[in-house]
Amino acid sequence: MVTRILPAVSDPDAARALATLLDQLPEAEPQPPAVDSTQLLNTLAQTAAESLADLPEAVLVHELIGSLPALELIREVALRFPAVAVILVTRDTSPNLYSAAMDAGARGVVGLPLAYDELAARISAAATWAAGVRSHLGAGPEPFRGPGGTVVAVTGAKGGVGCTLTAVELALAARASGRNAALVDLNLQSGDVASFLDVQFRRSVVDLAGIADLTPRVLQDVVFTHETGLSLLLAPAEGERGEEVDDRAARQIVGAMRARYEVVVVDCGTQMHAANAAAIEMADRAVLLTTPDVVSVRAAKRMVRLWDRLQIRKAEETVTVVNRASKHTEIQPALVARIVGTPVAQAIVPANFKELHTALDAGRIQDVDHRSTVKQALWSLAAELGAAAPLPEGGKGGRGGRGKGRHGKGGKGGDASGDGGGGTGESAGSIGSAARPAALTSGSSSSTSSSASGSGTGSGSGGRGGSDRGAVRLWHRRSWDDRGSVALPGLPAVPVPRGLPAPPGRRGAAPPGGDAATAAGRGAGRTGAGWRTRTDRGSRTAAGRRTAADPRTARDPRTAARGGAGERGALTVEFAGMAPIVLVVLALLWQCVLIGFTFTLAGNAADEGARAAASAAAYGDPGSACESAAREHLPGAWDAEASVSCYQAGGVWKADVDLATPVLFPGAANLPFTVHGSAGAAVEAEAG
């Protein structure tokens with residue numbers, strides 16, 4: 001059996017020595033060495049994506065590997081690729097290191113300097129173990145489509161761009177598509193996932209930071225299972241505790257979650273630190289959220305450059321998502337792609353916050369209506385990222401994509417059956433032919449009235465998502481058929497007792513007890529009770545436009561005059577009944593205006609009088625000057641009933657003005673209360 005061996009070593013000399021020994025092993029197939037941990041993980045991931053059977057049986061991890069410590073790299077490989085045997089090559093072969101390597105998931109330890117016999121024995125044992133594990137896994141169902149779940153990291157270019165909302169909706173979309181999904185909140189200082197999903201849980205991601213071996217039992221104690229079936233690993237309630245989660249802990253946590261769940265969505269927030277940087281580096285999909293404004297787009301560009309400088313993630317491996325997009329903004333997705341330098345997702349999230357307002361205020365984002373355009377866009381993004389199953393054709397719910405009322409509209413381009421555009425409402429074309437007139441069950445429609453001489457026909461093809469509108473309108477308006485029964489959509493015809501008057505305004509209404517024969521006997525479309533059929537108005541097409549009327553059944557001008565006069569009479573009666581209420585309200589408003597104006601006059605008059613008294617105190621009669629100045633600014637209707645008094649209190653001249661408040665018209669009558677105004681002014685000093 002050929003054993004494929006992938007060495008991982010950064011030191012060139014150690015790589016040459018290791019390659020020399022591997023070439024001497026029988027039935028060994030050494031592969032080109034990986035120079036760092038990132039290259040090793042990427043190589044294994046690409047091989048697993050093509051075929052699990054092509055994964056190497058053994059991976060040799062040298063102690064000088066970078067940039068991830070050797071034991072952390074072994075743990076990561078063991079979690080993501082459980083059918084690959086990992087061997088540690090190190091100088092330290094003490095029992096403590098051996099125990100730590102076994103806990104990390106290594107299948108053996110080889111000491112330095114390398115010995116042929118020891119290396120051959122370890123690789124042979126590891127290859128046998130890997131073959132047994134793969135044979136066992138091949139006999140049963142695989143829990144995931146690959147070596148582990150899909151990790152989607154969601155990051156915001158700046159605060160307030162909708163990072164947490166996007167992460168939550170992506171996780172909900174993955175769960176709704178039937179996948180085992182988890183949501184990890186690595187926005188350690190200000191995580192809001194719990195607030196979005198109405199969760200109160202005392203465990204958080206910090207509780208996993210100090211644990212060396214994250215077993216399924218440990219994860220089960222910390223992960224919260226939401227009512228939607230989504231597994232949540234929340235951020236700490238105390239933001240300062242977020243510092244306990246470093247890059248090593250973040251890698252261990254994300255790796256353990258990846259090994260247990262099919263889809264892991266990580267909310268990385270908008271602030272970069274060691275923990276979420278590690279999550280972004282490990283993620284299969286990295287989503288950078290921005291809004292179509294200059295500040296956010298510049299922040300997204302800075303974030304992408306930061307990731308590139310720190311070698312966290314390349315620009316071409318990042319997907320930028322435009323949130324709150326609108327066709328009215330100058331910055332469109334194509335411009336965002338050119339500025340930021342990353343691919344832009346096809347799913348564009350529209351600016352429609354009104355759809356989310358109620359759910360956000362209630363803290364239950366899972367209750368957002370499925371017809372919401374924002375939710376549909378985010379769930380389409382989940383399908384585009386591979387985190388959820390693709391949406392069905394026509395399920396995106398554009399304009400006319402859902403039914404409305406009794407005969408809902410289908411989507412654009414719908415056929416005559418009313419299912420166009422994946423509409424969810426009951427369309428006119430989907431109503432059974434047994435519950436509606438037979439003439440409406442095909443692409444054309446016809447209607448008959450109680451008059452033998454009056455008839456109208458209409459035809460139409462499948463217009464905007466449903467059967468012909470003209471047929472629907474005629475059907476509803478002519479539901480009082482000539483057989484003396486009422487036909488309702490979806491219900492059998494209900495007989496109408498003889499002698500009841502026809503409903504007012506119904507087109508095609510039959511008179512009480514009238515039928516086609518009676519109508520024919522009366523002649524000229526007249527019925528016994530004097531009712532006239534309305535089919536003479538012509539038929540309507542699918543678009544609702546009226547065709548030419550039949551000249552033989554022209555509408556009687558006297559009937560039209562009676563109908564118009566009746567409507568005008570009803571309008572006059574309604575206006576007459578409302579007129580007193582309107583007048584009373586106007587009178588009250590006018591009275592309020594008069595009261596306010598009286599208050600203004602009293603205050604102004606008192607102020608003028610006080611200032612005049614203070615100025616005249618040095619050379620004349622302050623009292624007369626005060627009263628004259630106060631009355632000078634009062635209109636005649638208020639001056640007649642005004643009371644002005646001026647007096648000196650210490651070094652201040654004061655003026656009090658009392659005015660009567662008129663009722664509706666000044667000078668006619670006064671209200672039983674007066675408005676008081678008061679003001680004061682300091683006495684001016686005499687010139688020396």
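Laboratory data are not the source of any read-out in this text; all were calculated from the coordinates shown. As the structure is a prediction and not an experimental result, all values here were calculated from the model. Glycine gets a Cβ as well: all are built from the backbone with ideal geometry, and neighbour counts include every protein chain shown.
Tabulated data for the structure shown
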read-out	value
Theoretical FRET efficiency, 1/(1+(r/R0)^6), r = Cβ-Cβ of Thr600 and Ala576, R0 56 Å, to 0.05	0.90
Gained length - His357 relative to Thr329, 0.36 nm times residue gap less alpha-carbon distance	7.9 nm
At R0 = 22 Å, FRET efficiency that the Cβ-Cβ distance of Asp92 and Val35 yields, to 0.05	0.50
Ascending count of other beta-carbon atoms within 10 Å, so fewest first, for Met102, Met578	Met578, Met102
Difference of contour (0.36 nm per residue) and Cα-Cα distance, Leu671 to Val295	129.2 nm
Kirkwood hydrodynamic radius over Cα pairs of the stretch 79-233, then Stokes diffusion coefficient at 10 °C and 1.306 mPa s, in µm²/s	84 µm²/s
Cα-based shape type of the stretch 3-139, given that a ≥ b ≥ c are square roots of the gyration tensor eigenvalues and the cut on a/c is 1.5	rounded
Residues of the stretch 103-124 with amide N under 16 Å of a point placed 7 Å along Cα→Cβ from Leu25	106-112, 114-124
Tail weight of P(r) past 23 Å, computed on alpha-carbon pairs of the stretch 298-392, percent	37 percent
Sequence of Arg631, Arg338 once ranked by neighbouring C-beta atoms within 10 Å, starting from the fewest	Arg338, Arg631
Ser99/Arg302 FRET efficiency (R0 51 Å; Cβ-Cβ; nearest 0.05)	0.70
Linear extension gain, Ser678 paired with Ser190, 0.36 nm per residue minus alpha-carbon span	170.0 nm
Trp638, Trp653, Trp129 arranged by Cβ crowding within 10 Å, fewest neighbours leading	Trp129, Trp638, Trp653
